[in-house]
Amino acid sequence: MEDDTKQTTAWLTAPILLSYALFGTLPFWIEAVGLYHYLGAEILIWVIFALGYNLLLGYTGLPSFGHGAFLGIGAYAFGLAQFEVWPNLWFCLAAAVVVTGLFGAATALFLSHRRGIYFALMTIAFGQIYFFIASKWTDVTHGEDGLLNIARLPVTLGPVELPTAGNVEFYYLCFAVYAVLVVVLWRLTNSPYGRVLRAIKQNETRVAFVGYPVTLYKWSVFTLSCAVAGLAGGLFAMAQEGAYINVMSLQWSGIIVLMVLIGGGFVSFWGPVLGVVLYFVARDVLGAYTETWLLWFGLMFMALVMFKPQGLAGIWQDLVRRTASRRRRLPAPATEAEG
Amino acid sequence: MALFEARGLHKRFGAQVVLEEINLAFEAGQLSGIMGPNGAGKTTCFNVLTGRYKPDRGSVRFDGADITGMAPHRIVARGISRSFQIMNLFDEYSALDNVVIALPQVRARGFSVTHALDADTDARDRAEAVLDRVGLKGRERVNVRSLSYGERRALEIGVALATEPRLLFVDEPTAGLGTGATARLAELIRELKRHTTIVMIEHDMRFLFSLADRISVIHWGQVIAEGTPEELRENPWVRRSNLGGLA
Ligand SMILES: Nc1ncnc2c1ncn2[C@@H]1O[C@H](COP(=O)(O)OP(=O)(O)OP(=O)(O)O)[C@@H](O)[C@H]1O
Ligand SMILES: [Mg+2]
């Protein structure tokens, strides 16, 4: 992830503003391109989930194959907070974040001193454990039926109350959450903390030998990405007006990995966003023609892994680099030219 | 009392005993050399001394405190740093960023999520000074993968130096270097010696004998000989081994 200095010190960058412009106007044009408003909300929720997940996968190099469990936990926590405690949007979202963060923190205790395949296997094990618990603990989760009738709670800002029941209204709630979160995560990934995470991905041993408590960093980033998953889960519960177990399955945990990799989470902050958009557009566009769209999507994934492991973001970076060096009629910067 | 002292270190991997019984003491302000044949356990000894592995028996003391089995980052915080025999750099980072992350001032804010590192001119100046010291001036922005082998070896030491250690362990710094680069490295180490206590594993005996104040020979997981370079020249094991023109 090579970012120039001007970008890495800014709070609002050109890509962030561009994403605001695109997502901010989406309800006005999405139907014109043959899609629908609910899809927009779905995309933003998964973008939030994917951006948080990429802290772990793309930045720290820690492959979690059980992350869907945390999206599910966030959805249940949101629903239970609404039914059992206080049906207030801010409270319920906070509950989803905190509860999922706590589950993440506890899980991370077992994971943060592990590396590579052992780390990956443990995440699968924990994902399966949570899935199993959710399916059997029917008093709380209602098992296969799901936790039904979760309401889209209105946004309360002092005396003002904005409804979120309609898909467009709800979309703008998701957009507001996205707009804040993307800046927070952008700053975070360009802070010293983010720098250490990226160093851990490259060489965990050396990070320890220049004085960083690597285990604590891995624990904290796992917890953080779970908290973000919880936030996405809370929104997801409202979107679906229910919390269901299927997102906690191994398959859905795999799909988030696929989205982030296809988008290029390893080389770009924006990789997860591209991947999520591609996934959902492919689902709806390819899905309209063929039942086996996931097969085609999977083949696309394989082709990408074979020919361009850096994903969509990697292809984009190559294009930018090529046109930039052609325009200047100069060789690419030394760091690239010799690489 | 010595700045650093190891007593009765024993380390095994499964059934294979690699360190039988290691006793070592390094005096402040000196350059201590370690030599020995391939597979003698020199790197393993460094790994135990710097916290990568816990010893099965024995103790390690630094500056009066027991640091046996302490995690590497705690040992670094006390002022010990090391370079690696097999290069251990951050391959996606520029030379500068490799050094920046090792600076104590950056480490102190490692959990900061608001500080903008790229705007931190003080950190950059310090990192540039470190790169200048190890002969990488002008190569700051170059990606590690694009550096030459010799430059990466220099950076390997630069990263270790950036933590501002009082005691620096270097593992075979000349490995794979040509004569010119080896001479420059000798220059650098002579300069470092003035402010930093150094322990150096080295196969190139001419290099080691010209720099070290004391040398320990490790063989079969034990220290089989110890002394000044002059004393060791008379040692039968050293005489028998490939000293070449030195003896
Ligand atoms: N992590 C490990 N697990 C198992 N065996 C190991 C491990 N580290 C080292 N060894 C073994 O310990 C022995 C000593 O290795 P070590 O790297 O310490 O030797 P050395 O003196 O540094 O050799 P060289 O001069 O070749 O660098 C070798 O037989 C090696 O295979
Ligand atoms: Mg060795």
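The values are calculated or read from the model by the stated rules, or taken from the named source; none is laboratory data. The shown structure was predicted, so the numbers you read here are calculated from the model rather than taken from an experiment. When we count neighbours, we look across all protein chains shown, and the Cβ atoms used for this are built from the backbone with ideal geometry, even at glycine.
Step by step: first the residues of the range B:161-174, then only those that are within 14 Å of chain A (Cβ to nearest Cβ) and within 16 Å of ligand 2 (Cβ to nearest atom), then the one that is farthest from residue B:82 (Cα to Cα). Which residue is that?
Narrowing the range B:161-174 to residues within 14 Å of chain A (Cβ to nearest Cβ): B:161-171.
Filter once more, keeping what is within 16 Å of ligand 2 (Cβ to nearest atom): B:169-171.
Numbers: B:169: 4, B:170: 6, B:171: 8 Å.
Top of the filtered list is B:171.
Here are the criteria: (1) within 16 Å of ligand 2 (Cβ to nearest atom); (2) on the phi > 0 side of the Ramachandran plot; (3) under 14 Å from the mean Cα position of the chain (by Cα). Tell me which single one residue B:49 does not satisfy.
(2)
Can we say residue A:173 is in contact with a strand residue (DSSP E or B) (Cβ under 7 Å, 6 or more places away or on another chain), of a type in the set (A, V, I, L, M, F, W, C) and closer than 22 Å to residue A:49 by Cα?
For residue A:173, the condition - in contact with a strand residue (DSSP E or B) (Cβ under 7 Å, 6 or more places away or on another chain), of a type in the set (A, V, I, L, M, F, W, C) and closer than 22 Å to residue A:49 by Cα - is met.
Mind telling me which of the residues B:110, B:158 ends up being crowded, with 17+ Cβ neighbours inside 10 Å and either at the interface with chain A (Cβ under 7 Å from one of its Cβ atoms) or over 21 Å from residue A:200 (Cα atoms) (or both)? Steps first, please.
Details: B:158 fails: either at the interface with chain A (Cβ under 7 Å from one of its Cβ atoms) or over 21 Å from residue A:200 (Cα atoms) (or both).
Matching residue, one of B:110, B:158: B:110.
Give the number of residues within the range A:149-166 that are among the polar types (S, T, N, Q) and surrounded by fewer than 17 Cβ atoms within 10 Å (Cβ to Cβ).
Within the range A:149-166, the subset among the polar types (S, T, N, Q) is A:149, A:156, A:164.
Now drop any that are not surrounded by fewer than 17 Cβ atoms within 10 Å (Cβ to Cβ), which leaves A:149, A:156.
The qualifying residues number 2.
Which of the residues that make up the range B:12-25 are within 16 Å of ligand 2 (Cβ to nearest atom) and over 17 Å from the mean Cα position of the chain (by Cα)? First the steps, then the outcome.
From the range B:12-25, those within 16 Å of ligand 2 (Cβ to nearest atom) are B:13, B:16, B:18-19, B:22, B:24; that's our starting set.
Within the range B:12-25, B:13, B:16, B:18, B:19, B:22 meet the criteria.
Among the candidates A:159, A:213, single out the residue that is modelled with pLDDT of 95 or more and over 24 Å from the mean Cα position of the chain (by Cα). Explain how you work it out, then say what you get.
Working: A:159 fails: modelled with pLDDT of 95 or more.
Criteria check complete, one pass: A:213.
Looking at B:65, B:77, B:28, which one is within 14 Å of chain A (Cβ to nearest Cβ) and away from ligand 2 (no atom under 14 Å from the Cβ)?
Working: B:65 fails: within 14 Å of chain A (Cβ to nearest Cβ); B:28 fails: within 14 Å of chain A (Cβ to nearest Cβ).
That would be B:77, the only listed residue that is within 14 Å of chain A (Cβ to nearest Cβ) and away from ligand 2 (no atom under 14 Å from the Cβ).
Need a quick list: helices (runs of 4 or more DSSP H) entirely within the range B:153-247 having at least 3 residues that are out of contact with any strand residue (DSSP E or B) (no Cβ under 9 Å at 6 or more places or on another chain) and free of Cβ contacts under 8 Å to residues at least 12 places away in the same chain. Give the steps one after another, and end with the answer.
Numbers: elements: B:179-193, B:205-211, B:229-233, B:236-240.
Answer list for the range B:153-247: B:179-193.
Kindly check whether there is at least one residue in the range B:175-190 that is within 16 Å of ligand 2 (Cβ to nearest atom) and either under 22 Å from residue B:230 (Cα atoms) or within 14 Å of the chain's Cα centre (by Cα) (or both).
Yes - at least one qualifying residue is present in the range B:175-190.
Could you say whether any residue in the range A:230-245 is more than 18 Å from the chain's Cα centre (by Cα), touching a residue at least 24 places away in the same chain (Cβ under 8 Å) and assigned to a loop (DSSP other than H, G, I, E, B)?
Checked the range A:230-245: at least one residue is more than 18 Å from the chain's Cα centre (by Cα), touching a residue at least 24 places away in the same chain (Cβ under 8 Å) and assigned to a loop (DSSP other than H, G, I, E, B).
Going through the range B:174-200 one residue at a time, which ones are within 16 Å of ligand 1 (Cβ to nearest atom) and surrounded by fewer than 23 Cβ atoms within 10 Å (Cβ to Cβ)? Write out each step before concluding.
If we filter the range B:174-200 for residues that are within 16 Å of ligand 1 (Cβ to nearest atom), which is where we start, we get B:174-177, B:199-200.
Answer for the range B:174-200, where residues must be within 16 Å of ligand 1 (Cβ to nearest atom) and surrounded by fewer than 23 Cβ atoms within 10 Å (Cβ to Cβ): B:174, B:175, B:176, B:177.
Where the second residue is of a type in the set (Gly, Ala, Ser) and part of a loop (DSSP other than H, G, I, E, B) and the first is more than 19 Å from residue A:208 (Cα to Cα) and lies in the range B:61-72, which pairs have Cβ atoms under 9 Å and are six or more apart or on separate chains?
Cβ pairs passing all conditions: B:61/B:2; B:63/B:28; B:63/B:79.
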